[in-house]
Amino acid sequence: MANIKELSEKIPERLGPGHRLCAGCGASIVVRQVLMGTEDPVVAVCSTGCLEVATTIYPYTAWKIPFMHNAFENAASTMSGIETAYRALKKKGKIKKEIKFVAFGGDGGTYDIGLQALSGALERGHNFVYVC
Amino acid sequence: MKEKGWEEIPIGGVIDKAGSAAEYKTGDWRTFKPVRDEKKCTHCLLCWIYCPDSSILVKDKKMVGFDYEHCKGDGICAAVCPVKCIRMEKE
Amino acid sequence: MIEIRWHGRGGQGAKTAAQFLAEATLDTGKYIQAFPEYGPERAGAPIRTYNRINAQPINLHCGVTNPGYVVVIDPTLLSPAVVEGLSDKGMLLVNTSESVDSVRQKTGFKEGRVAIVDATKISLDTLGKPMPNMPMLGALLKIAPLVELDALYEKIKAKFLKKIGEEKTKANIAGIKRAYEEVKIT
Amino acid sequence: MSKVIALMGDQAAAEAMRQIEPDVVAAYPITPQTEIVMTFAQFVADGLVQTEMIPVESEHSAMSACVGAAAAGARTMTATSANGLALMWEIVYIAASTRLPIVMPVVNRALSAPINIHCDHSDSMGARDSGWLQIYCENNQEVYENIIMAVRIAEHKDILLPVMVCQDGFITSHAVEGVKVYDDKQVKDFIGEYTIRHSLLDVDNPVTYGPLDLQDYYFEHKRQQSEAIKNSLKAIPEIFAEFKRHFGVEYDFIETYKLSDAEVAMVALSSTAGTIKAVVDELRAQGKKVGLLKPRFFRPFPKEKIVQALSGLKAVAILDRSESFSNQGGPLFTEIRSALLDESKKPLTVNYIYGLGGRDINTEQIRSVFTDLEKIVKEKEVKDLVNYLGVR
């Protein structure tokens, strides 16, 4: 486990500046800190919400890592697809790297409209972190 | 930025320039700006880890300044600084 | 073109019999269709399934309304409904332990040809359970020589050996053979 | 070497999927598509394919997972019917707009309510404006071949759009027919390897998929989609030609049957076209100049081919296996009628809504339509624009 100073060197900035979340918004603080949790490359998914719209206003993106937003209620199932694609392509030798996966959902996208997709993804045992 | 036509942009809404939001300057949202007393700073980097706008500049594990082009002036850095070396000044 | 309508009950294997017939005739270079009439019915409910067999490609994708052959797998289904659309030139094949007269009486099929075979008894004797579908297929091949029995046996072996083992596969073939021999045609 | 084997339409679809061997299949079973998913899942379980299968908990998640997998660079497939397609709806649009070449067999079935499990085209026709390409199959052979071709069409660099390959629920999906199946290697050679321009798994070149696209750019992205559909009219014939080189079978956007010297004709999609062919043969034997036009593609809409095939005819009956509740006829009718509007030699057109909820369309009904057409030609007038065939 690294301390803060070590993190500042080891982990590249994964959510850059210029996003349009409110000044002082906790969402981007959480995202930055969660994404400091691994040195491996990370692919992120986000359900529709403040975090997603404010960080990806076309033609700009604040994400410095591969990122996908699909819809409001399906961050977990979208990530199921990405994570499965990773396993499929790794099996075929098309991808060599170790990659980690993180999905961000808001309260609605998680335990309201998105509960079913999350439940299915958990039951199938996909290998990703889900952050609400 | 001049807006591009449909033949000039990637298909499917893909943004192929990671972190391009940096081109969008949120610094002008500020009414107060953070100012640091370098002498007092212990380089604990709590400001860095808490900044929602990735606007604390760090080099070799040391806090070296603010990215005023993007800092929205939320004052979190000043609030979390354990040695109170950051204060918010009116723009 | 030959059109066949099978009447059975869900679970009796009418669909399987029709599929075997289609697959075996396909190998002789014929064009085939086998399609069931689907409803929400489950085991025991009356069901119908169909075959079309032709020397030329089959374009038709509608239901069979005027079959040349009607095969009734379950004797309890006998009623005028089973001979609907069956012309006097067609043939009715029934699994029954009763007489041809009784079949004519129950169905009102007076003029056309009727064939009977006690396929339930045959399946009980050979398989040890009432699965009259394969014996009925054997009987049908007697009255409508669409494919050689040996070719059918090969199909059955290919499909069944792995699934149900050698003994039961042989029992099915024995049932087909017996029905082929025992069917009575008027 | 190819071989002819007995397959249900659903099995023909699964067989094509086995040979394509997509990287990822995310699917949820629904009647009458179930046998596709079931058969393919068996292939996966038996180790016949390397495909990773996601047994999702709903069709919404099926399409969501497909979008994720496709954006990650995996060759991705799913399959559905009716209410399943309806449940996917939101993501069906996202798949097309994100330009992901997903291939989806659709086994056409009526939409509820009341609930019905049998064939009509309400499900896929409802999705006609979603940006997907749509192919309609007459028989199991076409199901098999169109799915193989769909992979190449979807992935063509000038297209990059998802494709629905539609067949008639139960009528072909559960009917056993002889299907000429090509060699695995032949199919693999034809479809080739899939590479994606922007993969989510290319961590060295990170991209953002699915941004917020406001007034300043959304329209441009839609304009790109329109262009892709236009491009597909040019690019798909390349794939037809290549398919012919590989397999010796000729495809086109439309199929005409005894149409060149016909005076009247019927237009229908999928399995009904076959039944019409049988009636055309019968009426031709009586010396009647009748024919058939079977559009194979509804998206892209092959306007020029259709207009060329129908102009000069005296009267045309266009059959729709779905209602659009516009009082102007079903979707096939309104689009063909609109396509013919500027033609100087346009035929009189009449619409028949038929076969809803799996109502059988038999040769007698088709003969009656040809009889109606004779009357229309004689009277030079269409009295009822929209007719309901086979309803009590």
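The numbers here are math on the coordinates, done by the rules we state, and not lab data. Here the structure is a predicted model, which means the values were calculated and not measured. Cβ: placed from backbone, ideal geometry, glycine included. Neighbour counts: every protein chain shown.
Things worth noting here:
- In terms of packing, defined here as the mean over residues of other Cβ atoms within 10 angstrom, the peptides D:17-27, C:27-37, D:43-53 line up highest first as D:17-27, C:27-37, D:43-53.
- Estimated purely from DSSP H runs of n ≥ 4, each contributing -39500 (n - 2.57), the mean residue ellipticity at 222 nm for chain A is -11000 deg cm²/dmol once divided by its residues.
- Counted charge near D:P55, where neighbours are those whose Cβ lies closer than 14 Å (Asp, Glu -1; Lys, Arg +1): -3
- With 23 Å as the limit on Cα-Cα distance, the pairs of C:K30/C:K142; C:K162/C:K184; D:K188/D:K303 that go past it are C:K162/C:K184; D:K188/D:K303.
- The order of B:C47, B:C41, D:C66, going from fewest to most other C-beta atoms within 10 Å of their C-beta, is B:C41, B:C47, D:C66.
- Averaged over peptide D:269-280, the number of partner chain Cβ atoms lying within 10 Å of each residue's Cβ comes to 3.
- Look at the alpha carbon pairs under 8 Å that are at least 6 residues apart: their mean separation over the length of chain C gives a relative contact order of 21 percent.
- Of interest is the spacing of the C-alpha centroids, which for the stretch B:1-58 and the stretch C:125-175 amounts to 75 Å.
- Counting other Cβ atoms within 10 Å as a rough exposure proxy, the listed residues C:D118, D:D158 run D:D158, C:D118 from fewest neighbours to most.
- Each stretch of four or more DSSP H residues adds -39500 (n - 2.57); spread over every residue of chain D, this sum gives -13500 deg cm²/dmol at 222 nm.
- For chain C, the 222 nm mean residue ellipticity estimated from helices alone, with every DSSP H stretch of n ≥ 4 adding -39500 (n - 2.57) and the total spread over all residues, rounds to -13000 deg cm²/dmol.
- Over 18 Å between alpha carbons, listed pairs B:K39/B:K90; D:K305/D:K346; D:K234/D:K294; B:K25/B:K62; A:K10/B:K62: B:K39/B:K90; D:K234/D:K294; B:K25/B:K62
- With the convex hull drawn over the C-alpha atoms of the protein assembly as shown, the volume per residue is 180 Å³.
- Number of partner chain Cβ atoms within 10 Å, mean per residue of D:72-78: 6
- The fewest-to-most ranking of D:H121, B:H43, C:H7 by surrounding Cβ atoms within 10 Å reads B:H43, C:H7, D:H121.
- Neighbouring Cβ atoms from other chains, within 10 Å of the Cβ of residues in C:26-37, number 5 on average.
- Dipole magnitude of the stretch D:3-247 about its Cα centre (Cβ charges: Lys, Arg +1; Asp, Glu -1), debye to nearest 20: 460
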